[in-house]
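Input: a single structure, listed below in structure tokens.
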Amino acid sequence: MADPKIEGYEFKPGYKGMAADAGSDQTLFKGVHWGKAMMWIFLLSDTFIFSCFLISYMKGRGSTPVEWPNPSEVFALHVGGVPVPLLLIAIMTFVLITSSGTMALAVKYGYERNRKMCGWLILATALGGLTFVGMQAFEWSKLIHEGVRPWENPFGAKQFGSFFFMITGFHGTHVSIGVIFLCIYAYKTFAGHYDEGKRGWFTTMKGDYVEIEILGLYWHFVDLVWVFIFAFFYLW
Amino acid sequence: MSEDFNDKTTIQAQSSETISGGGTGASSDIDYVRPAEVADQDLYHGHSFLTKWVFCQDAKVIGVQYFLLATFTGIIGLILSWLMRLQLGYPELAGFMTAEHYYQFVTMHGMIMVVYFLTALFLGGFGNYLIPLMCGARDMVFPYVNMVSFWMFFIAVAVLLASFFVPGGPTGAGWTLYPPQSIIEGTPGSGMGIILMCLSLVLFVAGFTMGGLNYLITVLQARTRGMTLMRMPLTVWGIFTATVLAMLAFPALLVGGLMMSLDKILGTSFFMPTILQAGEVLDYSGGSPILFQHLFWFFGHPEVYIVALPAFGIISDLISVHARKNIFGYRMMVWAIVGIGALSFFVWAHHMYVSGMNPWFGFFFATTTLIIAVPTAMKVYNWILTLWRGNIRLNVVMLWCLGFIITFVNGGITGIFLGNVTVDVPLSDTYFVIAHFHMVMGIAPLMVIMGAVYHWFPLVSGRFLSEKLGKWHFWFTFLGAYSIYFPMHYLGFIGVPRRYFEMYDSPYVTSAVGMNEFISIAAFIVGAAQFILIYNIIVSLRMGKPAGKNPWKANSLEWHTSTVPPEHGNFGEKLPVVHRWPYDYSVPGAKEDFIPQTTPPSEVAETEIEKT
């Protein structure tokens with residue numbers, strides 16, 4: 001991305017440029033919207049939350065006295081009587097990663113002021129998120145049906161159920177919150193709030209297409225976290 | 001609705017051509033400051049009682065709200081400590097107290113003072129009030145989120161206090177809430193009490209995150225023209241770094257709190273091993289209690305510095321202003337703050353020496369712990385060198401500053417004792433530990449808060465606090481605090497364990513009894529002396545000596561607002577333009593002994609000043 005043009009300020013390349021930006025007045029991240037900087041720092045904090053969850057999971061899994069269940073058996077789907085490991089989760093991951101793609105396109109069309117395309121792509125992203133949450137609910141109910149609970153697990157260590165429901169539940173909450181915001185932003189896009197700079201309901205700040213990019217950052221983060229959860233629960 | 005806003009963006013978007021004080025625009029001009037990068041902030045001005053004083057989006061009002069609520073919670077913590085001291089000093093007078101009550105009071109006192117009082121007061125109170133003013137911003141960058149942050153804190157406090165009224169009362173597990181004992185029967189408040197505690201902490205973390213994002217982005221992205229990072233007052237550096245720590249440390253508390261709630265409510269076994277309760281085997285198995293300790297202290301140790309770093313920053317500014325001297329080694333001070341902050345994430349297991357760990361681990365954490373003493377000692381030397389040959393004004397603010405330095409050194413030295421594994425193990429869980437952490441993170445930051453209140457009260461209210469009452473307040477508190485905590489070091493050495501309701505017929509009891517009585521009397525007096533301040537504030541609000549503008553002759557931007565107290569938007573029509581650091585005091589050749597940050601170089605060309 002090209003550097004923004006700032007009157008009276010000369011951008012330098014490389015680490016010298018970073019040092020110059022840090023030593024300059026007014027802003028550290030030149031030309032970066034306040035909300036965007038906020039989202040990055042929030043995501044850093046959220047990264048620590050998920051890291052604490054996953055490190056606790058590793059510790060719990062590593063020290064449980066009872067054997068951990070085999071993930072390719074527990075999570076397998078039966079297609080025509082044949083167990084297919086990782087089938088559902090592959091579809092879920094595919095859907096979620098695809099929704100990241102539609103989100104990125106929505107940001108692009110937003111900045112191009114293509115209101116319709118932007119709105120539809122946000123809705124497509126929301127649909128992807130909703131599908132993901134739906135499939136997660138299906139997987140939860142399948143496991144619950146088989147007797148897995150947060151406090152017990154017929155296939156082995158009881159911590160399996162505890163960590164699985166807690167961590168995927170926490171991530172699923174993130175996705176659901178994202179879907180709610182995507183729907184709100186889709187409405188605002190179609191209604192033209194970002195074109196007119198209409199003030200927000202609560203924050204009373206003027207609308208701008210940068211909001212879509214900020215939500216996009218959150219959405220990509222949620223997808224990235226899923227990749228880690230996927231690796232730790234399904235591939236380990 | 002549009003009349004609620006400053007729709008003056010076009011006028012106020014500042015370029016060097018339209019704004020005076022920024023030079024003429026030629027880069028050879030020594031007064032030149034780059035034009036504004038971002039348009040002026042768009043503010044929502046409240047116009048009813050509710051939007052002006054209750055759900056207010058002005059960071060200054062939010063700061064005062066945080067201050068008042070944190071102080072209220074702190075007074076509850078103070079009363080709990082009185083009850084504890086009554087039991088320890090005069091058990092015959094405290095017949096109404098059972099051992100369960102005592103544990104609950106210990107727990108709530110600790111949690112309230114560390115999280116809901118000190119953290120909320122420094123970051124929520126001083127952070128909100130001072131960051132925008134000192135950085136030259138009109139307000140925090142997200143005023144609405146900032147307002148929600150305070151009300152989340154309000155709910156967190158309400159939930160915390162509600163736990164006093166639920167069946168079983170508040171949790172009595174100690175402020176560290178170690179499982180398994182915190183959630184099994186026999187520990188007071190192991191039912192609703194611990195659940196409400198976890199809930200309250202989760203709410204606090206959520207609310208704090210909203211505020212913290214504001215503080216960080218305001219410092220990073222919303223400074224005024226000419227305000228470089230290395231021209232910020234150290235107060236802002238301290239609060240900023242503490243906020244970074246909080247954003248990275250609170251997640252561990254949140255996760256620990258959530259997992260413990262699940263252990264309690266759903267019966268998961270994250271932290272719970274196979275365990276007996278009243279002779280019965282519970283359904284738990286295979287969990288790790290040590291995991292909680294790691295999560296807790298990964299939060300808990302940075303938490304110490306979340307409280308200490310703002311105190312370091314504020315004290316630097318107070319000393320510099322009241323000694324009329326530039327802070328010695330400003331850049332060293334900044335890097336020390338940042339360095340202490342970074343190191344604080346690598347020392348947490350020194351709270352767990354007695355939990356059992358690999359000896360090499362203990363060695364590692366002892367080393368990192370002692371390394372923190374280096375930047376900390378640098379700060380203490382720099383404070384003393386700032387005072388050295390300064391034009392010291394021995395007013396109440398300065399008294400608190402001196403009290404802080406002495407107390408902090410005292411608590412810091414006992415910290416070196418406790419950082420070593422071999423010394424820590426016998427002293428662990430004795431009164432020595434209590435003496436150490438009360439000195440270093442209780443009394444010392446409290447002295448900074450007091451100094452800061454006397455210093456900034458004229459800005460907030462336009463009137464001085466009474467110096468005479470202030471001196472009484474200081475001497476009662478300073479001497480009293482030493483009477484409380486100095487004898488505790490001795491109690492610790494003779495082996496009196498902490499968190500014990502009663503000593504019964506222990507061998508050391510004879511020499512400890514008299515001392516406990518003495519400590520209790522001192523504690524009652526010191527606690528009561530704090531009401532002098534509250535009385536002082538109430539009286540001075542209406543009848544204090546009018547302070548006028550910039551009464552301390554300080555340089556930093558908060559004293560150079562258009563009105564006193566500053567209005568919403570802080571700086572009137574035009575934002576200030578900064579030309580120098582905030583520590584140009586007693587500059588040789590200058591007309592007065594201070595040069596405000598807004599003074600352009602051409603006005604002080606004849607002085608012996610270095611460019612900062």
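A few remarks follow.
- For B:Asn536: the one exception among (1) in a loop (DSSP other than H, G, I, E, B); (2) of a type outside the set (A, V, I, L, M, F, W, C); (3) within 29 Å of the chain's Cα centre (by Cα): (1)
- Lone qualifier among A:Arg115, A:Arg149 - being modelled with pLDDT under 95, closer than 21 Å to A:Trp236 by Cα and not polar (S, T, N, Q): A:Arg149
- Taken together, the residues in the range B:141-175 that are out of contact with any strand residue (DSSP E or B) (no Cβ under 8 Å at 6 or more places or on another chain) and within 14 Å of chain A (Cβ to nearest Cβ) amount to 8.
- Of all residues in the range B:30-57 being among the β-branched types (Val, Ile, Thr) and within 28 Å of the chain's Cα centre (by Cα), the one that is surrounded by the most Cβ atoms within 10 Å (Cβ to Cβ): B:Thr51
- Within the range B:244-269, considering residues that are under 25 Å from the mean Cα position of the chain (by Cα) and more than 10 Å from every other protein chain (Cβ to nearest Cβ), the one farthest from B:Ile183 (Cα to Cα): B:Leu245
- Considered as a group, the residues in the range B:319-339 that are among the β-branched types (Val, Ile, Thr) and buried (at least 22 other Cβ atoms within 10 Å of the Cβ) include one that is nearest to the chain's Cα centre (by Cα), and that residue is B:Ile337.
- The residue pairs whose first member lies in the range A:20-39 and is under 14 Å from B:Thr218 (Cβ atoms), whose second member is among the polar types (S, T, N, Q), and whose beta carbons are closer than 6 Å, counting only pairs six or more residues apart or on different chains, are A:Thr27/B:Gln221; A:Trp34/B:Gln221; A:Ala37/B:Gln221.
- Selection within the range B:284-322 - farther than 19 Å from B:Thr243 by Cα, touching a Phe, Trp or Tyr at 6+ places or on another chain (Cβ under 8 Å) and of a type in the set (A, V, I, L, M): B:Leu291, B:Leu318, B:Ile319, B:Val321
- The set of residues from the range A:155-186 being closer than 15 Å to A:Thr64 by Cα and either assigned to a helix (DSSP H, G or I) or more than 11 Å from chain B (Cβ to nearest Cβ) (or both) comprises A:Phe155, A:Lys158, A:Gln159, A:Phe160, A:Gly161, A:Ser162, A:Phe163, A:Phe164.
- Matching residues in the range B:82-141 - criterion: being touching a Gly at 6+ places or on another chain (Cβ under 9 Å), surrounded by fewer than 19 Cβ atoms within 10 Å (Cβ to Cβ) and among the aromatic types (Phe, Trp, Tyr): B:Trp82
- Enumeration of residues in the range A:1-49 that are of a type in the set (A, V, I, L, M) and not in a helix (DSSP H, G or I): A:Met1, A:Ala2, A:Ile6, A:Leu28, A:Val32
- Scanning the range B:283-325 for residues that are assigned to a helix (DSSP H, G or I) and of a type in the set (Ser, Thr, Tyr) yields B:Tyr305, B:Ser316, B:Ser320.
- Of the set (1) loosely packed, with under 13 Cβ neighbours inside 10 Å; (2) within 23 Å of B:Asp263 (Cβ to Cβ); (3) modelled with pLDDT of 95 or more, all apply to A:Ile180 but (2).
Table: residues versus (1) in a loop (DSSP other than H, G, I, E, B); (2) farther than 29 Å from B:Met450 by Cα; (3) of a type in the set (A, V, I, L, M, F, W, C).
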site	(1), (2), (3)
B:Ile337	no, no, yes
B:Gly341	no, no, no
B:Met357	yes, yes, yes
B:Phe363	no, yes, yes
B:Thr376	no, no, no
B:Arg389	yes, no, no
B:Arg393	yes, no, no
B:Met398	no, no, yes
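- Checking each residue in the range B:139-196 for being closer than 30 Å to A:Ala37 by Cβ and acidic (Asp, Glu) picks out only B:Asp139.
- For the range B:467-488, the count of residues that are at positive phi, modelled with pLDDT of 90 or more and buried (at least 17 other Cβ atoms within 10 Å of the Cβ) is zero.
- Consider the range A:49-69 and keep the residues that are at the interface with chain B (Cβ under 7 Å from one of its Cβ atoms) and buried (at least 19 other Cβ atoms within 10 Å of the Cβ). The one that is modelled with the lowest pLDDT is A:Thr64.
- Checking each residue in the range A:55-108 for being assigned to a strand (DSSP E or B) and touching a residue at least 40 places away in the same chain (Cβ under 8 Å) picks out no residue at all.
- Just one residue in the set B:Val148, B:Val166 is of a type in the set (A, V, I, L, M) and closer than 25 Å to A:Leu44 by Cβ; that residue is B:Val148.
- Residues that are of a type in the set (D, E, K, R) and under 22 Å from B:Thr71 (Cα atoms) within the range B:514-557 comprise just one, B:Arg542.
The values are calculated or read from the model by the stated rules, or taken from the named source; none is laboratory data. Predicted model only: the values in this text are computed from it and were never measured. Every residue, glycine among them, receives a Cβ derived from its backbone with ideal geometry; neighbour counts consider all protein chains shown.
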